[in-house]
1. Only one residue in Glu196, Glu222 is without any contact (Cβ under 8 Å) to a residue 40 or more places away in the chain and open to solvent by 20 Å² or more (accessible area, probe 1.4 Å). Which one?
2. I'd like to verify a number: residues in segment 20-66 that are closer than 23 Å to Arg103 by Cα and open to solvent by less than 40 Å² (accessible area, probe 1.4 Å), how many?
3. Out of the residues in segment 156-176 meeting the condition of being farther than 27 Å from Ser16 by Cα and in contact (Cβ under 8 Å) with a residue 24 or more places away in the chain, tell me which one is surrounded by the fewest Cβ atoms within 10 Å (Cβ to Cβ).
4. Take Leu36 and tell me if it is within 16 Å of the ligand (Cβ to nearest atom), within 25 Å of Ala216 (Cβ to Cβ) and at pLDDT 95 or above.
5. Exactly one condition in (1) free of Cβ contacts under 8 Å to residues at least 60 places away in the same chain; (2) closer than 12 Å to Arg234 by Cβ is not met by Asn149; state its number.
6. Test Glu148 against the criterion of being among the charged types (D, E, K, R), within 28 Å of Ala283 (Cα to Cα) and surrounded by 21 or more Cβ atoms within 10 Å (Cβ to Cβ), and give yes or no.
7. May I ask you to list the residues in segment 67-87 that are open to solvent by 40 Å² or more (accessible area, probe 1.4 Å), outside any loop (DSSP other than H, G, I, E, B) and within 15 Å of the ligand (Cβ to nearest atom)?
8. Residues in segment 88-119 that are in contact with a helix residue (DSSP H, G or I) (Cβ under 7 Å, 6 or more places away or on another chain) and in a loop (DSSP other than H, G, I, E, B): how many?
Amino acid sequence: MDTKILVIGANGQLGSVLTGELQKKFGDDHVIASDLRTRENYKGIFEIIDATDIHRIQEVVTKHKITQIYHLAAILSAKGEETPLATWDINMKTLFNVLEVSRKNTIDKVFFPSSIAVFGEGAPLENTPDDAYLNPATVYGISKAAGENWAQYYFLRYGLDIRSIRYPGVIGYQSLPGGGTTDYAVDIYHKAVLKEDFNCFLKEDTMLPMIFMEDAIRATIELMEAPKESITVRTSYNIAGISFSPEEVVTEIRKLYPDFKVKYKPDFRQEIASRWPKSIDDASATQDWGWQPAFDLKDITEIMVEKLQEKYKKGSRNKEILMF
Ligand code: SER
């Protein structure tokens, strides 16, 4: 059967870039982007889906004869703390809907993103392994840890080929993150290029695992393309990109913008970040499907600055506008 991919949460930070890459790989007619609202100027097939509504997911799956689903919709770590129970409901309900529709329609492959937020104080902070003890302290982290186990359950119980990555903070110029603890690492570049001061909500020495968008997207597609037999982790794979602290990004940015000013005003997100790993051991991903990151902090800084300069030169001061 023809590959037909449904991306749920296609307007988000990852989804907006991933849909484009999937279109390049499979062709525009093979990718169905979906989100709560349409995306202006989107070239391709788009369906409005509220993923809390299982009937709507089913309708789109039937209409387009979907064979793969990427379920990217979720409320992230910082935003999730505003309304813990509603966040749990949304993150779990949407996942269960995708799992059930996938099982009933014998969908070939499903992708479910997890996060470094699954780790808490029980895990080693340095080189955190895949199988570390998981005691997350945010609702988002709890929902991802539970989600990973449900993914594995659907694999073991129903043979659903569901695959997952624990993303570090994702840094890209194409789109904006929303409601995460790692978001500062995108915002800081926008501020530098706009020649504005930056108020950082984390302390200067807070090390966190991060990954460049291109690496994150490539990891996702490589995992989904890997032969089924090589996938040994059915909860979620750790993947590492790089690790850095705000002061390290500032040092890199100042090589290009020597006058860039930053104030550190840690807020509740510091508590979240302090419990997350500083660096990640991704040996299983490397062994099973050959994962290797390609971008370091210097590369990321140069590309972010160059691309954002282009964007803002075009006259737009609207950060919301997506760049492709
Ligand atoms: N970037 C996410 C967050 O900060 C982590 O997965 O919530």
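The values are calculated or read from the model by the stated rules, or taken from the named source; none is laboratory data. Everything quoted here is computed from the prediction, not taken from an experiment. Note that we place each Cβ from the backbone using ideal geometry, even for glycine, and neighbour counts take in every protein chain shown. What goes into the accessible areas is simple: the full protein's heavy atoms, side chains included, and nothing from ligands, DNA or RNA. Shrake-Rupley method; radii C 1.70, N 1.55, O 1.52, S 1.80 Å.
1. Details: Glu222 fails: without any contact (Cβ under 8 Å) to a residue 40 or more places away in the chain.
That would be Glu196, the only listed residue that is without any contact (Cβ under 8 Å) to a residue 40 or more places away in the chain and open to solvent by 20 Å² or more (accessible area, probe 1.4 Å).
2. Summing the residues that are closer than 23 Å to Arg103 by Cα and open to solvent by less than 40 Å² (accessible area, probe 1.4 Å) in segment 20-66 gives 14.
3. Of the residues in segment 156-176, the ones farther than 27 Å from Ser16 by Cα are 156-159.
Then keep just the ones that are in contact (Cβ under 8 Å) with a residue 24 or more places away in the chain; that gives 156, 158.
On the way: Leu156: 10, Tyr158: 15.
Only one residue fits best here, namely Leu156.
4. Values: within 16 Å of the ligand (Cβ to nearest atom): no; within 25 Å of Ala216 (Cβ to Cβ): yes; at pLDDT 95 or above: yes.
It is false that Leu36 is within 16 Å of the ligand (Cβ to nearest atom), within 25 Å of Ala216 (Cβ to Cβ) and at pLDDT 95 or above.
5. Asn149 satisfies all of (1) free of Cβ contacts under 8 Å to residues at least 60 places away in the same chain; (2) closer than 12 Å to Arg234 by Cβ except (1).
6. On the way: among the charged types (D, E, K, R): yes; within 28 Å of Ala283 (Cα to Cα): yes; surrounded by 21 or more Cβ atoms within 10 Å (Cβ to Cβ): yes.
Criteria met by Glu148.
7. Scanning segment 67-87 gives Lys79, Pro84.
8. Of the residues in segment 88-119, 1 are in contact with a helix residue (DSSP H, G or I) (Cβ under 7 Å, 6 or more places away or on another chain) and in a loop (DSSP other than H, G, I, E, B).
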